[in-house]
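The values are calculated or read from the model by the stated rules, or taken from the named source; none is laboratory data. All of these numbers come straight from a predicted model, not from anything done at the bench. Every residue, glycine among them, receives a Cβ derived from its backbone with ideal geometry; neighbour counts consider all protein chains shown. What goes into the accessible areas is simple: the full protein's heavy atoms, side chains included, and nothing from ligands, DNA or RNA. Shrake-Rupley method; radii C 1.70, N 1.55, O 1.52, S 1.80 Å.
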Amino acid sequence: MNTQINKSNYDAKAVYWLESRAELLKTFRDMGFTIPSLIFPAMFYIFFGLVFNKSAMSGQMPSYLLATYGVFGVIGPALFSFGVGVASERQQGWLTLKQCTPMPISAYFFARVVTAQVFGLIIVFSLFILGAVFGNVELTRTQWILTLLCLVIGSLPFCAMGLWLGLTLSAKAAPATVNLIYLPMAFLSGLWIPIQLFPEFMQSLAWIFPAFHLSQLTLAIQGFHLKFDLIWHLSILVLMTVVFFFLAFRAFKKMSIN
Amino acid sequence: MTDKHPLINVNGLTKMFGELKALDGVSFSIEPGEVVALLGANGAGKTTLINHLLARVTPDSGTISVANHKPGSYAARQLIGTVLQATQIPSNLTIYEHIELFTSYYPNPMTIEETLSLASLDALKNRYFDTLSGGQQQRVFFALAVCGNPNIILLDEPTVGLDVNARREFWNCITELKSRGTAILLTTHYLEEADALADRILVLADGKLVQQGTSESIKQKLGGKRIRFRSTKTIAEWESSIDMVRFDLRGGYFDVISESPEKLLCALLKTDPDLFDLTVDQISLEDAFLNLSVLGTKHLSTSAITSKEHAA
C-alpha cells in the first residue's frame, strides 16, 4: 500500500452528485416528512386561496396568495431539511463519522440545499398548476419565471437559518422548535392572510421576519407589495442570511473542535 | 522495528479535561501492517486518544502525525478509516447506497463488491440499517471504514455489546483486513480480543501508557505461572513463612503468581506438605491486565524492574 495520494481516480463532482442523490433518496423515503411537506402548502392554498376567498380583492386573491403560499412552501423544506435533519444526524454521530472521512463538508451542505430546492420546486409547481387551473391566475411569462426564481433563490436565507438551528438544537428539541419558528413566522409575515389586513403594529412587527421580506419581493413581481422601496427588503434579507451563516459557522467550529 | 516510517507517531501527548488528566505523556508509534490493541478500563483515556488521532480533540502538549501529516488534514483523512462508538446510520438508505457514497470520498477505494465481501455483507446489501442485527450493523460501520482502502483503521470498541458469535464474525473481518496489510489500532476492554487479534498491546491506565508489548511479553512481565491450591494454613501464616510472595485467597483457593514456579513449589510443599488441589497454569492476559491497571503503576514499575533483573 502506498501513502502517496493519487488523485487520478478521484472525481469531486461524483461526490457532490452521490451526496445529493443520497440525501434526496433518504428524504423522499421518509414518508412522514415527504407527504406533509408537499401537501400542506397546496392544501392551505386550496382552502384559503381557491375555496374561501377566491373573489376577494376583486378576484385577485388567488394570484396574491400564490406568491405568499409559494414563500410558505419553499421555506418549510429549507428549515426542516437543515434544522431537523442536521440536528438528528449530528446527534446520531453520523455527521462526526462523515467529518472523519475525506468528504468535503461543502458536499454535505450542498446536498441539503439541493434537496430543499427540489422539494421547493415541486411545491411551487403544484401551486402554479392549482392557481392557473382553478384560480384563474393569469401572469405574464416573465412574471411566472421571476416568481419561480425569486422563490428558489429566496429559500437560501432559510437554509442558513435552518443550518444554524440544526447545529445548535438537540435532535429531540429540533422538530418542535422549528415548527414554533416556522408557523408563527408564516402567519405574522402575512403568508396566510394578506399583511394589509393586519393592524398597523403587526405590520411593523413583520419587519423582524425574513419571510416577510421574501414575500414582499415575490409580491412585487405582481405589484401587490406594500410599496416600500424593494432595496430595503433585499438588503435586510441579505443581511439576515449573512448573520445566520455566521452563527452557523460559529456553531460548526464549536462543534468540531474541543 | 522495521526500517519503514511509522504510520502513526504520537509523542508526549498530554490532555487535561478541567482538573482531570485524560492523557499523560503518551508516546507510541504504529508501523504499516501492524495490529495494535489499546487496552484499558473505562475512563482510562482510550477514546480520548482515538479522538486526538482524528483531530476531534486538540492536544495540550505533545505531537501527533499520521504518515507525516497533521491529524484531521485532508491527506490524513484519506489514509484513515474509522469506526466510532455509538453511531447511528440514517436508516432510509440501503447498505449498498451507503457504501457507494463513502467509496466516492476516496482516491483509491476498493470496489463496492470487495468491501461487501470483506465485511460479509453481500447478502445484506439491499437492506436498510435499522433492519439489521447489532453484529450486522457493526459490520456496516466496518465496511464504511475500510471501503476507501485506507492504510490505517481505527476501531473504537468495535465489538462492545455484541454476543460471542457476532464478535467472532467481526474478528474474522479484522483478520482478513490484517492479511491485506492494513495497520489497525483497536481499543477494547475485552482481553481475549486483544490476545486474539493484536501483534502488540498498549495498556492505558489513568491516561498513562503503563505497558506495551506483545500479549506474551505482558504475561511474561508478571511472571509466567499462576499457582493455585488449598490449604488449612492461613494467609498470614503463609506470608510469614515465604518472603517476597503475595498470596491471595479467592473462593477457598490460594492464588500466587510467580516468575519461578519450580522454586516456589518446593517452598510451598516444604511449608505445608498437606496442601491439596494444586494446579499450575499459564497466566492469562486477564491476570496480567488486572495487575497492570488495577494495582496501578507502582506495582508495575517494581514488576518491570524485577523482570529486567530476571532477564539479566
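Only Lys, Arg, Asp and Glu count, each charged at its Cβ (+1, +1, -1, -1), so figure out the dipole size of segment A:20-257 about its Cα centre, rounded to 20 debye.
Roughly 640 debye for segment A:20-257.
Placing +1 on the Cβ of each Lys and Arg and -1 on the Cβ of each Asp and Glu in segment A:20-257, which of A:Leu65, A:Tyr45, A:Ala186 has its Cα farthest towards the positive end of the resulting dipole?
With unit charges placed on the Cβ atoms, the residue in question is A:Ala186.
Any chance you could check the Cα centroid distance between segment A:37-70 and segment B:180-202 for me, in angstrom?
Each part reduced to its Cα centre gives a spacing of 64 Å.
When DSSP beta bridges are limited to those with both residues in the protein assembly as shown, what percentage is antiparallel, rounded to the nearest 5?
That works out to approximately 65 percent antiparallel.
Per-residue counts of other Cβ atoms within 10 Å, averaged by peptide: what ranking do you get for B:146-152, A:198-204, B:194-200, highest first?
B:146-152, B:194-200, A:198-204
Ignoring ligands, DNA and RNA, how much accessible area is buried between chains A and B, both sides summed, with a 1.4 Å probe, to the nearest 100 Å²?
3400
Among B:Leu84, B:Thr63, B:Pro150, whose Cα lies farthest out toward the positive end of the dipole of segment B:35-150, if unit charges sit on the beta carbon of Lys, Arg (+1) and Asp, Glu (-1)?
With unit charges placed on the Cβ atoms, the residue in question is B:Thr63.
So how do B:249-262, B:153-166, B:7-20, A:62-75 stack up, highest first, on mean other-Cβ count within 10 Å?
Most protected by this proxy first, the peptides run A:62-75, B:153-166, B:7-20, B:249-262.
What residues qualify as long-range amide H neighbours of B:Lys208, i.e. H under 5 Å apart, gap of 5 or more or another chain, H built at 1.01 Å from N?
Here the answer is B:Asp24, since their amide H atoms fall under 5 Å of that of B:Lys208.
Report the net charge of residues surrounding B:Asn51, where surrounding means a beta-carbon distance below 12 angstrom and charges are Lys +1, Arg +1, Asp -1, Glu -1.
Numbers: positive: B:Lys15, B:Lys46, B:Arg56; negative: B:Asp156.
Residues near B:Asn51 contribute +2 overall.
Could you order peptides A:186-192, A:235-241, A:148-154, B:79-85 by the average number of other Cβ atoms within 10 Å of their residues, highest first?
So the order, starting with the most tightly packed, is B:79-85, A:186-192, A:148-154, A:235-241.
Hey, can you list the DSSP H helices of chain A whose Cα span along the axis is 20 Å or longer and whose average Kyte-Doolittle score is at least 1.0?
Membrane-span-like by this rule: A:61-80, A:105-134, A:174-188, A:230-256.
Can you find, among A:Gly131, A:Gly83, A:Ser215, the residue farthest towards the positive end of the dipole of chain A? Put +1 on the C-beta of Lys and Arg, -1 on that of Asp and Glu.
Positive-end residue among those listed: A:Gly83.
For the pair A:Val238/B:Glu19, report the inter-label distance in nm, with labels modelled 7 Å from Cα in the Cβ direction.
5.3
Hey, quick one: spin label on B:Asn9, modelled 7 Å out along Cα-Cβ, who in segment B:72-90 has an amide N within reach, i.e. under 12 Å?
Answer for this model: none.
If you add up the charges near A:Glu23, with Lys and Arg at +1 and Asp and Glu at -1, over every other residue whose beta carbon is less than 13 angstrom from its beta carbon, what do you get?
Result for the neighbourhood of A:Glu23: +1.
Explain nothing, just the number: dipole magnitude of chain B about its Cα centre with +1 on each Lys and Arg Cβ and -1 on each Asp and Glu Cβ, in debye rounded to the nearest 20.
500
Assigning unit charges at the beta carbon (Lys, Arg +1; Asp, Glu -1) and nothing else, what dipole magnitude in debye, to the nearest 20, does segment A:131-258 show about its Cα centre?
500
In whole percent, and with a 1.4 Å probe on the protein chains, what portion of the accessible area of segment A:20-257 is carbon and sulfur?
Roughly 74 percent of what the probe reaches on segment A:20-257 is carbon or sulfur.
Take every residue in peptide A:88-101, count the Cβ atoms of other chains within 10 Å of its Cβ, and give the average of those counts. Could the numbers behind the result be given before it?
Working: counts 2, 3, 0, 1, 6, 6, 5, 1, 6, 11, 4, 5, 15, 14.
Per residue, the number of nearby Cβ atoms from other chains is 6 on average.
Between segment A:90-120 and segment A:172-229, what is the separation of their alpha carbon centroids in Å?
29
For peptide A:20-31, compute the average count of partner chain beta-carbon atoms within 10 Å of each residue's beta-carbon. List each step's numbers first, then the result.
Working: counts 0, 4, 9, 4, 0, 4, 6, 2, 1, 6, 3, 1.
Mean shielding by partner chains, rounded to a whole number: 3.
Grab the alpha carbons of the protein assembly as shown, take their convex hull, and tell me the volume per residue in Å³. Working shown, then result.
Details: hull volume 111.4 nm³, N = 570.
Hull volume over Cα atoms, normalised by residue count, gives 195 Å³.
Leaving ligands and nucleic acids out of the surface, order A:Trp17, A:Trp94, A:Trp207 by accessible area at 1.4 Å, largest first.
Solvent-accessible surface, decreasing: A:Trp17, A:Trp207, A:Trp94.
Going 7 Å from the Cα of A:Ser126 in the Cα-to-Cβ direction, what parts of segment A:45-69 have a backbone nitrogen less than 15 Å from that spot?
Counting backbone N atoms under 15 Å from the label point, the list is A:45-48, A:69.
Within 14 Å, Cβ to Cβ, of A:Ser106, how many net charges do the neighbouring residues add up to if Lys/Arg are +1 and Asp/Glu are -1? All intermediate terms of the calculation are to be shown ahead of the outcome.
Working: positive: A:Lys13, A:Lys98, A:Arg112; negative: A:Glu19, A:Glu23.
My count for the surroundings of A:Ser106 gives +1.
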